[in-house]
Amino acid sequence: MKKIKLKWLVFSIILLIFILTYCTIQVDKHQNKNDFHWYYKNIELVQDKTLGKNIYKIYKSTEISNYNLNYHQAISKKINNLRTKSTEDYLIIYNPYSTNDLSFNIYFKKDLAIKNISYQITAKNTKKFEQNLAVNKTNSYQIIGLIPNTLNKITIKLLMNNQEKKITFNLDLTNIEILSSTKLKTISNQSKKELSEGLYLLQISDNDNLNYLSLYDNNGVIRGYTLVDTKTKVIFNNNSIYYMLTKNKLAKMNNLGEITEIYQTGKYQIMAFDFDKNGNILLVASKNQQLYLIRIDINTRKISNLLNLTDLLGPNFKIDSFILQDDFLLLNDTNTIIKIINISTTPEITYLISKDKIKDFQETYYLNKATDFELYDNIISPNYKKSTTPNEYFLIFLNSSNLTKFPTSEKSSLQTYLVNEERKTYTLKDEVLLDYNASAVKILSSTNYLIANNKSSFIEFDTDYTSLMKFILPNQNTTINDISKYTFNNFYFN
């Protein structure tokens, strides 16, 4: 009897130890993912010979999300520790933060007095990609522009104390596959003007509901790529890139590819976002079938509900887009443009432009036509452009309803309204027939050039709306959801 009791006692102890050990493992594996130390223990920074000689890569469990602040902070600490221990003049790490598959970071010794730095990437069947980098005090740089599925030859030139140094090496991305096309089909036009400087930033989705961001140069060659979880607008603001991670999370990324902030909106579902004059984030968001204008304080992360747009505009007003300029907001649905002022303090409507009158809005809200012209429905993708005359500005947009005058699906009507708020008038200043079937347009603030796009292609036009170059996505199962163009000066480049 005593032996039986002893056996049960031993068995119970062993079982207890097993349960405690198992639970501890499970807690370490699953419950501590919000803990910086868990991430630090579960990622490795090691050399990867498949990429090239002395090139490091982050290895992590597939369970770890790319978009977690603790994960990114743990990577930064790993990199700093390696820089401290290393005796090499520089370290090369391929895509350390998993935010651009076509990039690598290079970290020089912190005491090197770098005056100038430039690089060149060459790869098979593509033109060379050359850039000057914006010199910084940390001697840390992200180099973008690698080509997937091939060998990349890298040349980096440094100027230090009037002495030049050249670094050359290969980075093999033969095993790196992406969803975006490596090369877009291009159709050049007869304009003598050059394309504007910069990289096209495309947000693309495919038939499998996968979403990704892609950078393309003026030759239509891919220079950046990352998968994202949702369709998102991307905004470059105050030397950071902002984009949506999910419907209620917004990420801030620095020029090393590190996510430095994640802003959460709770029950508010993000529809669109931009920045006010103080650098705070303004969002059009939905909650409980209501539309709101909300603000996230960039420092405290506090969310302020500025305006219930559904109560103000009615349940039938469907916001297609919004333009934020200084301290006012322009909203539009398919046939109405509404301006709201004082958005940072006490928002109020100042005017409406609409073919049809909206219930509950007095006549005094509506701007008057200064000249006689026909109004149409379907105001699409409006843009704001300043005028040299005080109290005046231009609204430039697509208008699909008047295409009956132009009986072809291969054309787009681009209209320009001149708005004078002092006189409370607007007039049709210009109407241009674009030789392209566009679904959206965007004015580039740096050049006033225009980018028009549809599902599978985009064109850059000059200030006379002459087509400079057409770019076509080869994959017919993809859709362009948003497009911008940035020089990335003082961010990546100099």
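A short reminder: the numbers here are calculations on the coordinates, not readings from a lab. Owing to the predicted nature of the structure, the values given are computational and were not obtained by experimental measurement. FYI the Cβ positions are ideal-geometry reconstructions off the backbone, even for glycines, and counts take in every protein chain you see.
Quick one: order R423, R295 by neighbouring beta-carbon count within 10 Å, fewest to most. Kindly include the intermediate steps, with their values, before the conclusion.
Numbers: R423 12, R295 20.
Ranked by crowding around the Cβ, least crowded first: R423, R295.
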Contact order normalised by length for the chain, with contacts defined as Cα pairs under 8 Å and 6 or more residues apart; what percent is it? 11
What's the center-to-center distance, using Cα atoms, between the range 308-365 and the range 428-451 in Å? 23
So, in nm, how far is label L69 from label Q362 when the simple model puts each one 7 Å beyond its Cα toward the Cβ? 4.6
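Does the chain come out rounded, prolate or oblate, given a ≥ b ≥ c as the square roots of the eigenvalues of its C-alpha gyration tensor, rounded meaning a/c under 1.5 and, failing that, prolate meaning a/b above b/c? Present the calculation step by step, with values, prior to reporting the outcome.
Working: a/c = 2.21, a/b = 1.44, b/c = 1.54.
It is oblate, given that a/c is not under 1.5 and a/b is not larger than b/c.
Given only helices, namely DSSP H runs of n ≥ 4 each adding -39500 (n - 2.57), what is the per-residue ellipticity at 222 nm of the chain, to the nearest 500 deg cm²/dmol?
On the way: 4 runs with 53 residues, N = 494.
The per-residue figure over the chain is -3500 deg cm²/dmol.
Which entries of K124/K442; K49/K85; K49/K249; K185/K233; K277/K302; K355/K442 show an alpha-carbon separation above 26 angstrom in the structure shown? Before the final figure, lay out the partial values.
Numbers: K124/K442 33 Å; K49/K85 21 Å; K49/K249 36 Å; K185/K233 24 Å; K277/K302 17 Å; K355/K442 23 Å.
Going by Cα-Cα distance, K124/K442; K49/K249 fall outside the 26 Å limit.
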Output the peptides 328-334, 461-467 sorted from most to least packed, where packing is the average of other Cβ atoms within 10 Å over each peptide's residues. 328-334, 461-467
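Pick out, in residue order, every one of the trypsin sites (Lys or Arg not before Pro) in the range 88-141 that is DSSP loop and has at most 10 other C-beta atoms within 10 Å; say none if there are none.
Working: sites: K109, K110, K115, K124, K127, K128, K137; in loops: K109, K110, K124, K127, K128, K137.
Answer by residue number: K124, K137.
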Starting from the 7 Å offset along Cα-to-Cβ, what nm value, one decimal, do you get for the label separation of K157 and N308? 6.3
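What's the extension gain from I323 to E374 if we count 0.36 nm per residue and subtract their Cα-Cα distance?
Details: separation 51, 0.36 × 51 = 18.36 nm, distance 2.44 nm.
Here the answer is 15.9 nm.
Tell me, in nm to one decimal, what length is gained between Q264 and K124 on full extension, where the rule is 0.36 nm per residue of separation less the Cα-Cα distance?
Numbers: separation 140, 0.36 × 140 = 50.40 nm, distance 4.26 nm.
Stretched out fully, the Q264 to K124 stretch lengthens by 46.1 nm.
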Rounded to one decimal in nm, the spacing of the 7 Å Cα→Cβ label points at E431 and S188 is 3.6
Diffing the range 147-159: the Karplus 3J(HN,Hα) column from phi (6.51, -1.76, 1.60, θ = phi - 60°), in whole Hz with x for Gly and Pro, holds 10, x, 6, 7, 8, 9, 9, 10, 10, 10, 10, 10, 10
Could you list M160, M253 so that the one with the fewest beta carbons within 10 Å of its beta carbon is first and the one with the most is last? M160, M253
Express in nm, to one decimal, how much length is gained between T50 and E197 on full extension, taking 0.36 nm for each residue of separation and deducting their alpha carbon distance. 49.5 nm
How far, in degrees from 0 to 90, does helix 2-26 lean away from the longest principal axis of the Cα atoms of the chain, to the nearest 10? 40
Pairing the Cα long axis of helix 69-85 with the longest principal axis of the chain, what angle in degrees results, from 0 to 90 and rounded to the nearest 10? 60
